2 protein chains.
Amino acid sequence: MAEGSNSAMGGENLLFLTDEQLRKGIEAMFFAYRGFTADPDRILDAHGYGRAHHRALHFINRTHGTTVNNLLNILGVTKQSLNRVLRTLIEDGLVESRVGRKDRRERNLFLTEKGDTLERALSEAQRERMRAAYRAAGPQAVAGFRLVLEAMMDDEIRRQYLNMRDRRT
Amino acid sequence: MAEGSNSAMGGENLLFLTDEQLRKGIEAMFFAYRGFTADPDRILDAHGYGRAHHRALHFINRTHGTTVNNLLNILGVTKQSLNRVLRTLIEDGLVESRVGRKDRRERNLFLTEKGDTLERALSEAQRERMRAAYRAAGPQAVAGFRLVLEAMMDDEIRRQYLNMRDRRT
DNA sequence: CAGTTTATGTCAGCCTTGTTGACATTCCAA
DNA sequence: TTGGAATGTCAACAAGGCTGACATAAACTG
């Protein structure tokens, strides 16, 4: 009977919106996010870094030469908070900060080779879990997964997310 | 660690597993989780609480009379960390801690009426966003969403998650 | 019963990563 | 050329993770 259970009753396509179904979705998000961060966390820990470092490395790698201000918008933290993380990454030689050419108030951020190496290790660990989940769930599930996640974002963030151009599809 | 590692190169049914697709999925998780927590965070902030309090309230509500130890397993934090949060909730009269009947070493945790009120406000805000996302994405997407999330959890956690019996509301 | 294990709570102290405030530098427009 | 806006840095504080040590009470075991 599990099958046609969606459209069976009066609410038609709303039957899956019971509080119970929603609660399951909420808990799934909570537990899945833990898994999602678990593998990089282990690597980071071994290097004495935290999740904040990972996020910085990810988005610097993603948009070479990005400015601090741009990074702030994406990460949604204060500049002071980001700066602390950025400083250690620069001191440790993972990130290079170059004074902007056009506007010398800006700093353009790049990964060094060392930074790139760590970023690859982190993202590969995370991709590996994502890949396994995608394989287990199948292509159609993946499409649904992305749709729901996108619908869950704040409007402004979703706009940014969708506008980030793909690098080599 | 192949360089241009494009996992799609060989198999047609793996076409969606390019590094680029995986990266998009990773970023979608990151941004969506922010949205997922944004509404409760605002409410919590107004009450002087944090996310840790929300998690405790959620799972106490979800499993009335649960023990401290059980909560520790679900939340995946140390008892010192949980205790700090629990203590303030008890002091503030949101949670009641009763000595266990069967085993008097245990403490069974319950929400008071006040605790229930806050929990409802928090979960309703979160459900509302989830509901909107589900509506926007459609039933089929929701099924995929849940499948991928479940596949992303750590094995032990997934086992717990799946075993949590439904409370038919 | 004596000794051990289990469940819980508490104190102290550390770390990461948020926050706000103050301030220096640079750019730009009036 | 000067004042305001933008950008980034330094300092200090708070939340909430963590570990370690220890206390208590109850349960279990030989």
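If each label sits 7 angstrom from Cα along the C-beta direction, how far apart, in nm, is A:Q160 from its counterparts in the other copies?
Inter-copy label distances (nm, one decimal, shortest first): 3.2.
Report, to the nearest 10°, how far helix A:79-91 tilts away from the longest principal axis of the Cα atoms in chain A, using its own Cα long axis and a range of 0 to 90°.
Once rounded, the angle reads 60 degrees.
Out of residues 5 or more away from A:E96 or on other chains, whose amide H comes under 5 Å of its own, with H placed 1.01 Å from N in the peptide plane?
Amide H neighbours of A:E96: A:F110, A:L111, A:T112.
Using the Cα centre of the protein assembly as shown as the reference point, and only Cβ charges (+1 on K/R, -1 on D/E), how large is the resulting charge dipole? Debye, rounded to the nearest 20.
Details: 56 positive and 46 negative charges, 114 e Å.
Its charge dipole is roughly 540 debye.
Whole-Hz ³J(HN,Hα) for each residue in the stretch A:54-66, computed from phi via Karplus 6.51 cos²θ - 1.76 cosθ + 1.60 with θ = phi - 60°, x for glycine and proline: what do you get?
Values per residue, Gly and Pro as x: 4, 4, 4, 4, 4, 7, 5, 5, 5, 10, 3, x, 4 Hz.
Could you give the accessible area per residue of the protein assembly as shown, probe 1.4 Å, as a whole number in Å²?
Numbers: 18240 Å² over 338 residues.
Per-residue accessible area for the protein assembly as shown comes out at 54 Å².
How large, in percent, is the carbon and sulfur part of the accessible surface of chain A at a probe radius of 1.4 Å? It would help to have the intermediate numbers written out before the result.
On the way: 4440 of 9150 Å².
With neighbouring chains kept in place, the figure for chain A is 48 percent.
When all C-alpha to C-alpha distances in chain B are sorted into bins of 10 Å, what percent of pairs does each bin hold, rounded to whole numbers?
For chain B, the binned pair fractions read 8, 28, 33, 18, 9, 4, 0 percent.
For B:T66, enumerate residues with amide H under 5 Å from its amide H, sequence gap 5+ or separate chain, H modeled in the peptide plane.
HN-HN under 5 Å from B:T66: B:L109.
Evaluate the relative contact order of chain A (contact order divided by residue number), counting alpha-carbon pairs under 8 angstrom at least 6 apart; express in whole percent. Don't jump to the answer; show the numbers that get you there.
Details: 117 pairs, mean separation 32.0, N = 169.
Once normalised by length, the contact order is 19 percent.
Shortest first, in nm, what separates the label point of B:E113 from those of the same position in the other copies (7 Å along Cα→Cβ)?
List, nearest first: 7.0 nm.
With charges set only on the Cβ (+1 for Lys and Arg, -1 for Asp and Glu), what does the dipole of the stretch A:37-136 come to about its Cα centre, in debye to the nearest 20? Please report the intermediate quantities before stating the final value.
Values: 19 positive and 13 negative charges, 84 e Å.
The dipole magnitude comes to about 400 debye.
Helix A:113-137: angle to the longest alpha-carbon principal axis of chain A, degrees 0 to 90, nearest 10?
Its long axis makes an angle of about 10 degrees.
How big is the protein assembly as shown on each of its three principal axes, counting only the C-alpha atoms and giving the largest first in Å?
67, 48, 33
Ballpark to the nearest 100 Å², how much total accessible area do A and B bury together, probe 1.4 Å? It would help to have the intermediate numbers written out before the result.
Working: alone 12490 and 12420 Å², together 18240 Å².
Roughly 6700 Å².
Suppose you put the label 7 Å out from Cα in the Cβ direction; list, shortest first and in nm with one decimal, how far B:A136 is from each other copy's label.
Label-point distances to the other copies, shortest first: 2.7 nm.
On a 0 to 90 degree scale, rounded to 10, what angle separates helix A:19-47 from the longest Cα axis of chain A?
Around 30 degrees separate the two axes.
Which whole-angstrom value gives the distance between the alpha carbon centres of the stretch B:114-136 and the stretch A:113-135?
Here the two parts' Cα centres lie 33 Å apart.
Using only helices, what value at 222 nm comes out for chain B when you add -39,500 (n - 2.57) per DSSP H run of length 4 or more and divide by the total residues, to the nearest 500 deg cm²/dmol? Numbers along the way, then the final one.
Numbers: 7 runs with 110 residues, N = 169.
Per the formula, -21500 deg cm²/dmol.
Per-residue HN-Hα couplings for the stretch A:148-157, Karplus 6.51 cos²θ - 1.76 cosθ + 1.60 at θ = phi - 60°, whole Hz, x for Gly and Pro?
Karplus-based 3J(HN,Hα) across the stretch A:148-157 equals 5, 4, 5, 6, 8, 5, 4, 3, 5, 5 Hz.
The values are calculated or read from the model by the stated rules, or taken from the named source; none is laboratory data. Source: prediction; values computed, not measured. Neighbour counts run over all protein chains shown; Cβ positions are idealised from the backbone, glycine included. These area figures cover heavy atoms from the full protein model, side chains too; ligands, DNA and RNA do not enter into them. Shrake-Rupley method; radii C 1.70, N 1.55, O 1.52, S 1.80 Å.
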